[in-house]
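The values are calculated or read from the model by the stated rules, or taken from the named source; none is laboratory data. From a predicted model like this one, the values you see are computed outputs, not experimental measurements. Note that we place each Cβ from the backbone using ideal geometry, even for glycine, and neighbour counts take in every protein chain shown. For the accessible areas, the whole protein counts, side chains as well, though only heavy atoms, and no ligand, DNA or RNA atoms are used. Shrake-Rupley method; radii C 1.70, N 1.55, O 1.52, S 1.80 Å.
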Amino acid sequence: EISTRDWSSDVCSSDLAISWRLMDEGFIQNLKLFSDLRMRLSYGIVGNDGVAPYGTQANLINTAYDFDGSPAFGFAPANISNTDLRWEKSKEINLGINMGFFQDRVAASVEIYKRNTVDLILNQRLPTSTGFDVVTSNVGEVLNQGIEVTLNTLNVKRGDFTWSTTLNFSTNRNEILELYGDGITEDKGNALFVGHSLKSNFYFEFDGIWQLDQADQANVYGQKPGSVRVVDQNGDGRISTSDAIDDRVVLGNQLPTWLAGMRNQVNFKNWDLSFFVYTRQGVQFRNTMLSGTMGELGSDRYNRLNLNYWTTTNPTNDYFGVAVPNPYRQAIQYQDASFIRISDITLGYTFSRTLLDRLGVSNARIYGQVTNPFVFSNFDGLDPEYNSGTFQDDVPAAIYLMGISLSF
């Protein structure tokens, strides 16, 4: 099988795909093991022009100024143009295999891929001395490679009772291979580093809280007991952010190491029950709920998280003290946001054919559903899946629903 795709309005692509139905081969049939076996190999190139209309041009904005003693409006550049901006291009090779066993009661698919993306379209930070903070540019090369696995099983099928399960697992390794050329390996303003992934968290490494018996050592760094202690990476007795000596490091990243999910479907006579569980592991967020009124003692006007604050009578290493210098308090906000979530539970009942015929209805089902009832995580805050402060997406997301579906 060979297929190709052409240009579209916002994406250009071309690909080649070849599949081999191994199940038709005699040497596979003689094994008497598989009910289905196929292999697939594909290679493709995709282009992306994800830039807002006129985003490559230098637009103007109104600006107020004094014109000979009278207020007036003029115009000023709103952004820097980039006439050299090019399409972002991804080249991917994919190897897949589909397998079936026991008359397809067990079916699995495995996808292995490697994708190189060049000329990424990103907002590159600029020194504010230029008068602008960002410019849309093509940046370097990024590698994504990983594996995706799906497993479908029919666990039980006896009379009126069936139970089936779908499992999926994926892992992806993201790595920056190149930035701007000329041997440049890091862009601290954008937290981009060759050898690390996109969306890296770059800051000082949290090392506990300065304690009372460490007062002299804390004073060397201009701090006091109760302050957040960060790692002096080169041990020179000061915390620095200069280009020559920078004690900040890549702490982790906002891309998960792996994800997995499981859906179970149970049917017994007219009853049906399904539930879905999924997990995201190896992801780190800066927990914005630990900053401001939610995480710091101050006015009693607002509710706060129940945190284990440091005091002279409670010398904890969990959270800093109040009324003491804390220039590196942000270091304590980077947390593991891994979680396991029960995403959906649905119970339904489909009315019998006899009753439906009497009512003149072709189908009727009553059901109850709960969405996102439970999440298990060590992340401080409302929801580790979202992290934008106390906004709408951080409100507890459990939804309870009852309904009936009818068709005539």
- At a 1.4 Å probe radius, which order do Phe379, Phe169, Phe75, Phe34 fall into by accessible area, largest first? Phe75, Phe169, Phe34, Phe379
- Message: If I stretch the segment between Leu273 and Asp336 completely, what's the gain in nm (0.36 nm per residue apart, minus their alpha carbon distance), one decimal?
- Response: 19.4 nm
- Note on the structure: Once Thr311 and Leu154 are pulled to full extension, the length gained, defined as 0.36 nm per residue separation minus their Cα-Cα distance, is 50.8 nm
- Query: Over the stretch 59-156, what relative contact order in percent results from Cα pairs under 8 Å that are six or more residues apart?
  - Reply: 25
- Message: Taking all protein chains in place and a 1.4 Å probe, what share, in percent, of the accessible surface of the chain do carbon and sulfur account for?
- Response: 55
- Task: Mind grabbing the accessible area of Val134 for me, 1.4 Å probe, Å², rounded to tens?
- Result: 50
- Task: Return the whole-Å distance between the Cα centroid of the stretch 147-206 and the Cα centroid of the stretch 45-80.
- Result: 37
- Task: Please turn the phi angles of the stretch 233-245 into ³J(HN,Hα) values with the Karplus equation 6.51 cos²θ - 1.76 cosθ + 1.60 (θ = phi - 60°), one per residue in order, whole Hz, x for glycine and proline.
- Result: 4, 9, x, 8, x, 8, 9, 10, 10, 6, 5, 6, 10
- Note on the structure: The FRET efficiency for Thr165 and Lys188, from their Cβ-Cβ distance with R0 = 35 Å and rounded to 0.05, is 0.15
- Task: Could you work out how far the C-alpha centroid of the stretch 313-358 sits from that of the stretch 244-264, in angstrom?
- Result: 18
- Stretched out fully, how many nm does the piece from Phe132 to Phe102 gain, at 0.36 nm a residue minus the Cα gap? 4.4 nm
- Query: Roughly how many nanometres apart are two label points built 7 Å out from the Cα toward the Cβ at Ala64 and Ile404?
  - Reply: 6.1
- Note on the structure: Regression test value, accessible area per residue of the stretch 76-120, probe 1.4 Å, units Å², expected 56
- Quick one, which of (i) 1.03; (ii) 0.99; (iii) 1.06 is the actual Rg/Rh (Cα atoms, Kirkwood Rh) calculated for this model? (iii)
- Query: In square angstrom, what is the accessible area per residue of the stretch 182-262 with a 1.4 angstrom probe?
  - Reply: 51
- Query: Taking the Cα-to-Cβ direction at Leu95 and at Leu347 and moving 7 Å from each Cα, how far apart do the two end points lie in nm?
  - Reply: 4.7
- Note on the structure: Leu177 and Trp20 label points (each 7 Å along its Cα→Cβ direction) are spaced in nm at 2.6
- Item | Relative contact order of the chain, pairs being alpha-carbon contacts under 8 Å that are 6 or more residues apart, as % | 9
- Which of the lysines could a cross-linker span from Lys91 if the Cα-Cα distance has to be under 19 Å and same-chain partners fewer than 8 positions apart are dropped? Lys114
- Counting only the heavy atoms of the protein chains, how much of Val266 is accessible to a 1.4 Å probe, in Å² to the nearest 10? 40
- Task: Give a residue-ordered list of calculated ³J(HN,Hα) values for the stretch 379-384 (Karplus: 6.51 cos²θ - 1.76 cosθ + 1.60, θ = phi - 60°; whole Hz; x for Gly, Pro).
- Result: 6, 6, x, 7, 8, x
